[in-house]
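Student: I am attaching a structure below and will ask some questions about it afterwards.
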Amino acid sequence: MEDIFKKLGDEYLGLERDLCAFLDKINTEALLPIMMTNLLMRAPEELAGDKFGYYPVMFELLAFHAITRFGENTDVAITPWDTKQCFDLLEKCIFRRAFSKSSGLSEIKTSDVGSLASSMRMHSNIVRGSAYPEQTRQEILEIQGAFDSWFINNIGISPTRAVEILFALIRHTERIFNKYSDEYFGLADSFKNRYVEASRRKIPTDEDKQLLMMFKDEASASAFGYTSAVNAIVPLKLPVTITELDTDMRPTEIEEIALKSLIGVSKDTISSIESSQNIQEHPLYILSDGRVLMSDLSNCLDFLWEAFETRAKLDKRFYDKQYQKRKARWLETKAVEYFGRIFPSHSIYQCLDYPDPEKTSGATAELDIAISWGPFLILVEAKAKQFRIESLRGNPSKLWLDIKQNVEDSHKQALRAIKYIKSKGSGKFIERATGRKLSIKSNIPLKIYTISLSLHHLGMVSTELNKTKELGLFKESEFPFSISIADLDTITRTIIVPEALLHFIERRIAILNDHKEWHGDDLDFFSAYLDTRLLMGNLQVPKEEKMDALFISGYSDKFDRFFMYERGEMDSAPDIALRLPERTQAIFDELKSRGDDSSKRIAFALLDIEDSLLASLAEAIFEIKGANIKHGMLRRCSFSNDEIVVSIVGGRFDSPEELERGLAFRVYAEKYRRKLGKSIGFGLFCDTAFL
């Protein structure tokens with residue numbers, strides 16, 4: 001295996017040299033906007049999913065090598081063949097770099113680096129954007145934008161204006177591309193028609209022969225015409241001067257200089273960037289004449305945030321006393337808002353005080369958020385600490401500290417609240433702002449979940465917390481559900497009931513202690529949950545199949561399409577909801593209508609049953625419900641898997657108590673007979689419309 005990684009690494013270096021040799025002969029200031037059009041300007045339908053996931057990284061690699069050659073070969077025209085050659089070289093380079101030794105893939109099983117650090121390195125080599133652009137934009141405006149005046153005084157541009165300029169740059173890019181689309185397609189049609197005419201002519205002219213030699217079919221002729229038009233127009237029209245952008249108030253020269261200093265890179269500054277991977281931090285490309293291009297918008301917003309954060313840190317008093325506190329308050333407030341989409345508002349508590357079980361009498365501790373919903377309790381600790389780019393790239397020491405501050409420390413604070421409840425036999429938490437009391441009794445059956453909420457996406461950390469033990473964290477193998485605020489926002493936009501969100505949390509935590517390795521990011525896992533509930537039986541993996549790892553990928557394109565719909569780029573919204581077997585939904589609707597703790601427990605337990613068994617259960621309920629059963633008689637059946645048995649008892653009874661006694665006997669008898677830990681039952685009055 002080591003030989004394969006070395007071979008790919010050597011091939012990558014060779015291809016990178018070929019790319020540089022190609023660029024030595026090209027007008028790179030013209031090539032860069034052309035390739036931006038090819039790599040980043042795609043139809044919304046094409047951008048959903050992972051198909052073009054490498055394209056922003058390919059564009060960054062090109063920019064790193066192209067910028068050093070700005071101003072050279074300015075009289076050289078870019079041909080469609082040049083465009084094709086450039087694309088092919090970039091694609092081959094990125095593929096080999098992704099699987100070479102430098103990617104971290106070859107170090108997955110080594111102990112000195114740690115498999116998590118290696119996974120992070122792989123992830124950072126490919127993925128761009130820690131959230132959807134709308135989410136990062138909101139974060140910048142609502143957190144950093146609160147200090148616009150401070151940033152103007154210290155930098156020369158405010159976060160609000162910087163975001164406005166970047167979105168104006170996006171609008172300019174789209175407008176220019178669309179403005180000249182008739183010319184692109186017009187020349188494409190011209191070449192296509194000429195090729196068709198040449199192929200039909202009985203006695204071809206010399207020009208016909210040349211066309212037929214150049215192109216293999218009419219599609220390639222059309223593509224040549226289209227690319228020729230793009231290559232002629234885009235270098236002249238696409239790059240733009242920042243002060244000429246169409247905003248409510250035209251950007252000033254001071255703002256232009258400040259924005260370029262924050263996230264820009266030019267021929268004069270490219271030498272300070274260590275490698276092609278580090279250019280990710282400088283997504284605004286400055287041409288020789290001062291005009292600019294930008295890379296992927298999500299990535300651009302990420303590093304705009306980072307740049308403002310870095311400047312704020314230079315003033316320690318401002319950062320600690322104002323800026324950091326604003327981040328923490330915003331994170332908690334947004335979490336309450338997003339959880340409020342799933343849980344009733346009266347069940348959510350924010351900023352609670354309770355007696356600290358680890359200190360002397362009279363000392364109190366704080367819990368950020370608590371959600372009390374029937375037999376379930378969620379304890380949320382939010383951390384607005386920075387997750388540094390070095391950590392995302394797998395630096396073990398920085399990764400250790402950032403995981404500790406963002407996840408482990410918050411988990412310990414949540415465990416402290418659990419310790420308080422268990423040590424006293426009960427617990428009383430008081431919401432600081434309202435005085436509302438949340439009383440918990442530990443002798444009442446209660447499932448407690450801890451959530452570590454981070455301000456930013458933590459790469460692969462949240463879904464691979466079990467690997468943090470290699471870094472000396474979570475030594476007891478007791479993990480929280482870790483998620484970023486942007487991903488919490490995304491998943492709570494779906495049509496999902498509280499039981500399903502809680503079950504997803506339980507499945508995600510259980511996966512961390514599975515003997516198999518599960519790989520995937522938060523949104524892929526959640527999307528897969530909606531389809532399969534992350535149950536092996538639903539994943540259609542044969543039981544006899546021995547597996548060491550599962551890769552969950554490609555599911556999250558539903559959310560790509562959702563945000564495109566929200567932007568108006570798609571006509572219809574994707575169906576993002578929990579998928580259940582036919583007729584099963586009626587059972588959950590009935591349980592929801594009852595609203596008591598037992599119904600919530602049963603609904604939660606049913607979600608842990610694979611679809612085949614759940615479908616059989618639903619069919620049996622409806623069959624027994626419609627059966628003609630004599631008074632005093634009953635029908636019963638049971639279904640089970642390796643963990644739970646579900647019993648159904650139906651008949652005509654004189655009272656609910658009579659049915660309840662018969663059902664209770666069957667539930668306990670089946671649990672004992674099958675020697676399983678869980679047993680639930682459904683009792684049916686066969687002459688009524690209800691369970």
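No lab work stands behind these numbers, since they all come straight from the coordinates. Since we're looking at a predicted model, the values are computed, not measured. With ideal geometry, Cβ positions are generated from the backbone for all residues, glycine too; neighbour counts draw on all protein chains shown.
Student: Share of antiparallel DSSP beta bridges in the chain, in percent to the nearest 5?
Tutor: Beta bridges within the chain, antiparallel portion: roughly 55 percent.
Student: Taking amide H positions as placed 1.01 Å from N in the peptide plane, with prolines and chain starts having none, which residues 5 or more places from Lys678, or on another chain, fall under 5 Å of its amide H?
Tutor: Val645
Student: Work out how far the C-alpha atoms of the range 581-643 reach from end to end along every principal axis, then list the three figures in whole Å, largest first.
Tutor: For the range 581-643, the Cα spread along each principal axis is 33, 27, 22 Å.
Student: Checking the a/c ratio against 1.5 first, then a/b against b/c, what shape does the Cα gyration tensor give for the range 320-567?
Tutor: rounded
Student: Rank-order 523-530, 365-372 by packing density, defined as the average count of other C-beta atoms within 10 Å over each peptide's residues, highest first.
Tutor: 523-530, 365-372
Student: With a ≥ b ≥ c taken as the square roots of the eigenvalues of the C-alpha gyration tensor of the range 208-357, please select rounded if a/c is under 1.5 and otherwise prolate if a/b is larger than b/c or oblate if it is not?
Tutor: Verdict is prolate for the range 208-357.
Student: Between 0 and 90 degrees, rounded to the nearest ten: what's the tilt of helix 522-532 against the longest Cα principal axis of the chain?
Tutor: On a 0 to 90 degree scale, this one is about 50.
Student: What does the net charge come to around Leu367 if you take all other residues with beta carbon closer than 9 Å to its beta carbon, with K and R at +1 and D and E at -1?
Tutor: -3
Student: Taking the convex hull of the alpha carbon atoms in the range 549-661, what volume per residue do you get, in Å³?
Tutor: With only Cα atoms used, the range 549-661 gives 164 Å³ per residue.
Student: Roughly what angle does helix 297-313 make with the longest principal axis of the chain, taking Cα atoms, 0 to 90 degrees, to the nearest 10?
Tutor: Result, in degrees: 80.
Student: So in the range 426-559, what percent of DSSP beta bridges are antiparallel if you round to the nearest 5?
Tutor: Rounded to the nearest five, the antiparallel share is 40 percent.
Student: Okay, moving on. Using a Förster distance of 51 angstrom, determine the FRET efficiency expected from the C-beta separation of Arg175 and Ile4, and round it to 0.05.
Tutor: 0.65
Student: As I understand it, the dipole of the chain uses +1 on the Cβ of Lys and Arg and -1 on the Cβ of Asp and Glu, about the Cα centre. Which of Leu392, Ile451, Gly71 lies farthest toward its positive end?
Tutor: Ile451
Student: Please determine, in degrees from 0 to 90 and to the nearest 10, the orientation of helix 656-674 with respect to the longest principal axis defined by the Cα atoms of the chain, where the helix direction is its Cα long axis.
Tutor: 70
Student: Then there's this: Under 28 Å Cα to Cα from Lys179, which lysines show up? Leave out anything in the same chain fewer than 8 places away.
Tutor: Filter leaves Lys51, Lys84, Lys192, Lys237, Lys260.
Student: Go ahead and estimate [θ] at 222 nm for the chain from helices alone: -39,500 (n - 2.57) per DSSP H run with n ≥ 4, summed, over the residue count, rounded to 500.
Tutor: Rounded to the nearest 500, it is -15500 deg cm²/dmol.
Student: Please compute the modelled spin-label separation between Arg661 and Leu539, points set 7 Å along Cα→Cβ, answer in nm with one decimal.
Tutor: Taking the two extended label points, one gets 4.7 nm.
Student: Students often get this wrong, so check it: of Lys327/Lys359; Lys359/Lys437; Lys383/Lys467; Lys516/Lys546; Lys327/Lys383; Lys383/Lys404, which have C-alpha atoms separated by over 18 Å?
Tutor: In this structure, Lys327/Lys359; Lys359/Lys437; Lys383/Lys467 exceed 18 Å between Cα atoms.
Student: How large is ³J(HN,Hα), in whole Hz, for each residue of the range 81-90 in order, when computed from phi with the Karplus curve 6.51 cos²θ - 1.76 cosθ + 1.60 and θ = phi - 60°, using x for Gly and Pro?
Tutor: 5, 4, 4, 5, 5, 4, 4, 4, 5, 5
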